[in-house]
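Beneath this line is the structure, given in structure tokens, with notes to follow.
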Amino acid sequence: MTILELRDLHVTYKSDRGDVPAVRGVDLAIAAGETVGLAGESGCGKSTIAGAVLRLLPRDTIVGGQVLLNGDDVYELKPGRLRAVRWTAAAIVFQGALHSLNPVRRVGEQIEEAIVLHSDRGDAGTHAVRDRITGLLERVGLRPDLARSYPHQMSGGQRQRVLIALALACEPDLLIADEPTTALDVMVQAQVLELLAELQRDRGLALLFITHDLSVLSTTCDRLAVMYAGRVVEEGRTVDLLKTPQHPYTRALARAFPTIGDPRSRMNPSGLGGDPPDPTHLPSGCPFHPRCDMAIEACATADVLLRPIRPDRAAACVHVAVSA
Amino acid sequence: MSELLRLAGVHVTYQSSGRSGVVRAVDGIDLTVDRGEVLALVGESGCGKTTLIRAIIGLEPMTSGSIVFDGATVATGQRELRRLRRRVQMIFQDPTGALNPRATIYEAVAEGIRIHGLAGPEPELVATALAQAGLRPPERYMPRFPHEVSGGQRQRVLIAGAMVLGPQLLLADEPVASLDASVRGEILALMRVLVDTTGISIVAVTHDLGLAWNIADRIAVMYLGRIVEVGDAEEVLADPLHPYTKALLSVVPEADRMEQQILVGETPDPANVPSGCRFHPRCPLVASGEAERLGIIDRCRSVDVQLVASPGGRRSVACHAVRLPNDG
Ligand SMILES: Nc1ncnc2c1ncn2[C@@H]1O[C@H](COP(=O)(O)OP(=O)(O)OP(=O)(O)O)[C@@H](O)[C@H]1O
Ligand SMILES: Nc1ncnc2c1ncn2[C@@H]1O[C@H](COP(=O)(O)OP(=O)(O)OP(=O)(O)O)[C@@H](O)[C@H]1O
Ligand SMILES: [Mg+2]
Ligand SMILES: [Mg+2]
């Protein structure tokens, strides 16, 4: 069953500098129990997609295309339905939200508020709600007594787990996790990834996993979509895509995380030169061509859209041969 | 290589609210940093990494222990700390909050010069530091505001702000955790170049073992307020001796990886440090019965284990089950 479907999604922000076309035609579908990874560097439009799904973008933002959540077009929903859909149909673990926790309230109270405000699971202070808080904390690997702590008394990793507990408060069908493990150490990351996998198996949770860290996605996702400048430039099944990246950008991303023990990367960190493109001043042709080590003359003029390579596999590069 | 920093028996405790007793966030750290080296300090969230480096520059008072920097014991008076903070610079864990959004990049870098009353022409010092951090030409970046540059460039601004004071030691708390994969490599390369060209030392706090492989000379693994293994990065990563180090390495996400050892059990709580070896409740050697077979299980449960150095002194491990290789 398809939980989320994006059809030719376009998002353009309004700003003093003019229009900012942050997402420029993205198609994506996620089924129940499936994890889809959305990768790509800063500014490519990942969080914009997350915000577009739940209509959390600034009011004057222009959204084109369709966002279907459990078959309903999110942009046609009445305000009451929309409120219900947020948290219970889909919830977001926001990027960089470690400071979004209220500093002067105990984390248990903050989880309680999410439960009471957004679901019909009972009133504040009842046993049912307290048990639920305990259950949520345990589920994200925190000691229940931490409910009495204030955010500043917790480490960065502990706070991040509180945020995941918050997002799970109303048992959503779809969890959008925007850089959920970026601030975490590898052990907690492994635990959180295992936790997310478990939620999926047991509850059929669909997961949209957003991060710039391909290595994290490599072990968790069924499918990957790599974004560049507001578009998906390569997609496919995870193993297939990482083993034989077709787009030069995917290849550069994959190289950025070293394999420990590989002498080529010892004392030799690998990055990608140049800066990510500014959406208000996109390069002509293929937007990646100024940073691409495989660019040919045609790349400066011809924009290339996703080309199917084989079933479940596509890339947007002039060097990719289109399947028959 | 000569020693720049020596920590001996450093303890930092917090009073815990809500819970009983004290939080032993840093619980007896012995550690040295040589001149011109990158030391990666790795360990789980909450193990005390940030607390430890904050203690080094006096932002957290030590409960006990001593710090020797550049040959002199660090006193805790305000004036001494001020002097120390010029020679030891810190880049904080969260770069988004670290820059004032209303101050230009010039002002951000010049701030340290003003605070410490550094002699010399300010614009030139700022320009040199920006260029050193890879923001060239510096004039182009000076008038900009933080939101007008990319995340990687903001991290370079922070590095420039630290380098402008000509420190001997840079404490970098998760320097690339918030950066893109593509930018990450460039910032790491910059850090390595700074070390190799200026002779500065860097302590890089990280949970990213790939960072250690990319730029660190040595690596120190921290668990629940203590160092449990320290040695040359290449050796520790190729041949980890402590079971905790082994577990950490096993969960590094890599496409073709060894079998994962995800540690379960209680999240380690510095308010309740286990008796014996503090790692024993989560130790795979204990769980698998290996410690029992080795006949050390009683010691694991009751004897607090100290770091033991190899004969050559390059490698130290705190584990009842480990015999150190002879590197002497
Ligand atoms: N409210 C806004 N007004 C104008 N432009 C915006 C707004 N929010 C985001 N943008 C721009 O839209 C583009 C996409 O931003 P988005 O936050 O989706 O990127 P991202 O892929 O999530 O990046 P990161 O990895 O840094 O989180 C960027 O160029 C950003 O500067
Ligand atoms: N002000 C405080 N009061 C009480 N406990 C604290 C305080 N600050 C930190 N702690 C506790 O001390 C321990 C060490 O925290 P610290 O921030 O040093 O960890 P860390 O290793 O830097 O973690 P992370 O990787 O998540 O940043 C944690 O258990 C934390 O909960
Ligand atoms: Mg984002
Ligand atoms: Mg920290």
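The values are calculated or read from the model by the stated rules, or taken from the named source; none is laboratory data. Values in this document were obtained by computation on a predicted structure and should not be read as measured data. Quick reminder, even Gly has a Cβ in these numbers, built from the backbone with ideal geometry, and neighbours come from all protein chains shown. Side chains included, ligands, DNA and RNA excluded: accessible areas come from the protein's heavy atoms. Shrake-Rupley method; radii C 1.70, N 1.55, O 1.52, S 1.80 Å.
Here's the picture: charge each Lys and Arg Cβ at +1 and each Asp and Glu Cβ at -1 in chain B, and of B:97, B:233, B:250 the one pushed furthest to the positive end of that dipole is B:97. Kirkwood analysis of chain B, using all unique Cα-Cα pairs, places the hydrodynamic radius at 21.0 Å. Counted over chain B, the DSSP beta bridges are approximately 60% antiparallel. Rank B:141, B:183, B:321 by how far each Cα sits towards the positive end of the charge dipole of chain B (+1 on Lys, Arg Cβ; -1 on Asp, Glu Cβ) and give me just the farthest. Toward the positive end, the furthest listed residue is B:141.
Take the Cβ-Cβ distance between residue B:124 and residue B:102 as r, set R0 to 35 Å, and report the resulting FRET efficiency rounded to the nearest 0.05.
0.90
Computed from protein heavy atoms with a 1.4 Å probe, the total accessible area buried between A and B is close to 4000 Å². Rounded to the nearest 0.05, what FRET efficiency do residue B:246 and residue A:197 have when you use their Cβ-Cβ distance and R0 = 22 Å? Efficiency computed from Cβ-Cβ geometry: 0.45. For residue B:208, no residue 5 or more places off, or on another chain, has a built amide H under 5 Å of its own.
The alpha carbon gyration tensor of chain A gives principal lengths a ≥ b ≥ c with a/c of 1.5 or higher and a/b greater than b/c, which makes the shape prolate. Annotation: amide H of residue A:90 within the under-5 Å range of A:173, A:174, sequence separation 5 or more or interchain, hydrogens built in the peptide plane. Considering only B:132, B:294, A:184, and ranking their Cα positions along the charge dipole of the protein assembly as shown that arises from unit charges at the beta-carbon of Lys, Arg, Asp and Glu, the one farthest toward the positive end is B:132.
Once the Cα atoms are used to define both axes, helix B:122-132 deviates from the longest principal axis of chain B by about 50 degrees. Work out which residues of the stretch B:154-187 lose at minimum 50 square angstrom of accessible surface when the other protein chains are put back, relative to the chain isolated, with a 1.4 angstrom probe, and list them by number. For the stretch B:154-187, once contacts with the other chains are taken into account, B:180, B:181, B:182 lose 50 Å² or more.
Shape summary of the protein assembly as shown, radius of gyration then Dmax from alpha carbon positions: 25.2, 76 Å.
Only four residue types carry charge here, +1 at the Cβ of Lys and Arg and -1 at the Cβ of Asp and Glu. Report the dipole size of the stretch B:3-273 about the Cα centre in Debye, rounded to the nearest 20. The partial results should precede the final answer.
Numbers: 25 positive and 33 negative charges, 222 e Å.
Its charge dipole is roughly 1060 debye.
Helix B:151-163 and the longest principal axis of the Cα set of chain B meet at an angle near 80°. Annotation: amide H-H contacts under 5 Å for residue A:23 (H modelled 1.01 Å from N, sequence separation of 5 or more, or interchain): A:11. When the residues A:281, B:242, B:116 are ordered by accessible surface, computed with a 1.4 Å probe over the protein chains alone, the sequence from largest down reads A:281, B:116, B:242. The angle between the Cα long axis of helix A:186-203 and the longest principal axis of the Cα atoms of chain A comes to about 80 degrees, rounded to the nearest 10.
With Cα atoms defining each centre, the stretch A:292-308 and the stretch B:272-328 are spaced 56 Å apart in the structure.
Accessible surface of chain A, 1.4 Å probe: 51 percent of it comes from carbon and sulfur atoms.
Residues of the stretch B:191-217 that lose at least 50 Å² of accessible area (1.4 Å probe, protein heavy atoms only) when the other protein chains are present, relative to their chain alone, are B:207, B:213, B:214.
Given a 1.4 angstrom probe, I'd like the percentage of the accessible area of the stretch B:3-273 that is carbon and sulfur, rounded to a whole number.
50
The relative contact order of the stretch B:3-273 comes to 26 percent, based on Cα pairs under 8 Å that sit 6 or more residues apart.
Taken per residue, the accessible surface of the protein assembly as shown reaches 42 Å², heavy atoms only and a 1.4 Å probe. Could you tell me which of rounded, prolate or oblate describes the stretch B:136-196, using a ≥ b ≥ c as the square roots of the eigenvalues of the alpha-carbon gyration tensor, with rounded for a/c under 1.5 and, failing that, prolate when a/b is larger than b/c and oblate otherwise? Oblate shape, in that a/c is at least 1.5 and b/c is the bigger or equal ratio. In order along the stretch A:103-114, the phi-based Karplus estimate (6.51 cos²θ - 1.76 cosθ + 1.60, θ = phi - 60°) of 3J(HN,Hα) comes to x, 9, 10, 4, 5, x, 5, 5, 5, 4, 4, 4 Hz; Gly and Pro are listed as x.
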